[in-house]
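The structure appears below as structure tokens.
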Amino acid sequence: MKRAAVLCGIGAWVPPGVVTNEALSAVMDTTDEWIRTRTGIRERRVVEPGTATSDLAVVAGRRALDSAGVKSADLVILATTTPDHPCPATAPDVAARLGMTGVPAWDVAAVCSGFLYGLATANAFLTGGTAERVLLIGADAFSTILAPNDRSTRPIFGDGAGAVVLRAGESDEPGALGDIVLGSDGSLRDLITIPAGGSRTPLSGPDDPDGYFAMQGKPVFRHAVTRMTAAAQEARRRAGWSAEEVDCLVAHQANYRILQAVAAKLDVPMTRCAVNLDRVGNTAAASIPLALADAAADGQLKTGHRALLTAFGGGVTWGAATLTWPDIPVEGS
Ligand code: UT7
């Protein structure tokens with residue numbers, strides 16, 4: 001049997017602060033009806049001032065370690081768009097706070113595809129034999145990079161963290177990952193961006209509007225559908241699964257209409273799609289593990305089920321993966 005990365009623990013965490021569509025309509029030019037019909041989102045969770053990405057990541061990471069019944073890992077990978085600081089990476093702090101001082105730890109930056117990029121990284125270490133156990137966390141406090149009254153971004157994004165523990169195992173075990181498909185197209189970098197504040201363009205001052213996150217929704221929508229579908233088809237092909245054999249499609253929770261389009265192109269009915277964006281919005285790097293945890297906690301994703309994962313994000317970047325669901329304790333978000 002082939003050596004494989006096996007998912008053996010999962011943890012999810014969203015901050016307690018709920019922001020409903022009604023609350024947003026009270027402070028910006030939008031409506032519950034527009035947000036619901038254009039995105040499928042009813043509410044999202046938002047951190048209090050002073051709560052950082054690492055605070056979310058530590059809770060999700062601890063829950064994943066508990067779910068796996070272990071105290072530590074050989075390395076810690078944090079996928080995030082919103083590190084606590086521009087420098088250093090946030091993963092070492094998260095590892096230390098989880099009692100893993102001395103363990104290699106680093107951030108992965110692929111925006112909403114970050115979890116799948118992290119999964120591929122973890123997979124390479126585990127199948128290559130240089131690690132036996134990896135803690136992979138996807139966490140974003142996305143609300144901290146949005147312009148306060150921007151109706152094109154505020155209604156869409158939410159904060160949260162999801163984490164998995166992966167161990168070295170064999171390809172026929174429940175929890176085993178199949179091939180992971182990744183891609184990028186940097187010529188489309190401006191579609192999803194924080195224009196200023198990096199080495200290319202410094203912030204012109206504390207009120208520089210280019211210091212906030214910006215997204216060109218329409219083209220992003222189109223590329224997200226095309227790339228997620230193609231990547232998922234390729235991952236499914238490599239796993240040797242037919243459309244009927246996909247028990248659960250876990251696509252990046254960007255927009256309900258995107259989920260519908262991707263599911264239709266993949267011939268997977270919506271009843272077999274994980275959907276939690278109505279409650280948490282688009283949580284960027286946390287989206288896939290949060291959706292996995294919620295689908296498993298709700299009983300939609302059961303032991304032995306074949307799950308097809310796919311995501312699209314800034315860069316632009318995309319990816320897809322397959323796995324069979326293991327028998328592990330799960331608490332939803
Ligand atoms: O996480 C990475 C991947 N992200 C995504 O995949 C997101 C992809 N994009 C989307 O989900 C959608 O493009 C959005 C939800 C961002 C926007 O939906 P849309 O259907 O593409 O709307 P639009 O931007 O074309 O705007 C349609 C109309 C415009 O008005 P006019 O020009 O037709 O008069 C907007 O000004 O809706 C208006 N609008 C709003 N109205 C009320 C835009 N945002 C809002 C709003 N409330 N929040």
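The values are calculated or read from the model by the stated rules, or taken from the named source; none is laboratory data. Note that the structure is predicted; figures quoted are calculated from it, not measured. Note that we place each Cβ from the backbone using ideal geometry, even for glycine, and neighbour counts take in every protein chain shown.
When segment 118-147 is filtered for residues that are farther than 26 Å from residue 216 by Cβ and either in the same structural domain as residue 311 (by TED's automatic domain parsing) or hydrophobic (A, V, I, L, M, F, W, C) (or both), the ones remaining, listed by number, are 119, 120, 122, 124, 125, 126, 131, 134, 135, 136, 137. Just one residue in the set 201, 229 is under 22 Å from residue 313 (Cα atoms) and either free of Cβ contacts under 8 Å to residues at least 12 places away in the same chain or in contact with a His (Cβ under 6 Å, 6 or more places away or on another chain) (or both); that residue is 201.
Return yes or no: is residue 150 buried (at least 19 other Cβ atoms within 10 Å of the Cβ), outside the structural domain of residue 285 (by TED's automatic domain parsing), closer than 24 Å to residue 15 by Cβ and among the acidic types (Asp, Glu)? For residue 150, the condition - buried (at least 19 other Cβ atoms within 10 Å of the Cβ), outside the structural domain of residue 285 (by TED's automatic domain parsing), closer than 24 Å to residue 15 by Cβ and among the acidic types (Asp, Glu) - is not met.
The rows are residues; the columns are (1) under 17 Å from residue 153 (Cβ atoms); (2) within 16 Å of the ligand (Cβ to nearest atom); (3) modelled with pLDDT of 95 or more; (4) touching a Pro at 6+ places or on another chain (Cβ under 8 Å).
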residue	(1), (2), (3), (4)
202	no, no, yes, no
218	yes, yes, yes, no
228	no, yes, yes, no
232	no, yes, yes, no
240	no, no, yes, no
259	no, yes, yes, no
262	no, yes, yes, no
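Residue 190: free of Cβ contacts under 8 Å to residues at least 60 places away in the same chain, under 26 Å from residue 39 (Cα atoms) and either among the hydroxyl-bearing types (Ser, Thr, Tyr) or not in a strand (DSSP E or B) (or both), yes or no? Here the answer is yes, as residue 190 does meet what is asked.
Close contacts from segment 245-271, counting a first residue that is more than 26 Å from residue 140 (Cβ to Cβ) and a second that is of a type in the set (S, T, N, Q) and within 16 Å of the ligand (Cβ to nearest atom), with Cβ to Cβ under 6 Å and a gap of 6+ residues or different chains, come to 265/229.
Among the conditions (1) crowded, with 24+ Cβ neighbours inside 10 Å; (2) hydroxyl-bearing (Ser, Thr, Tyr); (3) more than 30 Å from residue 145 (Cα to Cα), the only one that residue 324 does not satisfy is (1). Scanning segment 160-183 finds no residues that are part of a helix (DSSP H, G or I), within 30 Å of residue 42 (Cβ to Cβ) and within 16 Å of the ligand (Cβ to nearest atom).
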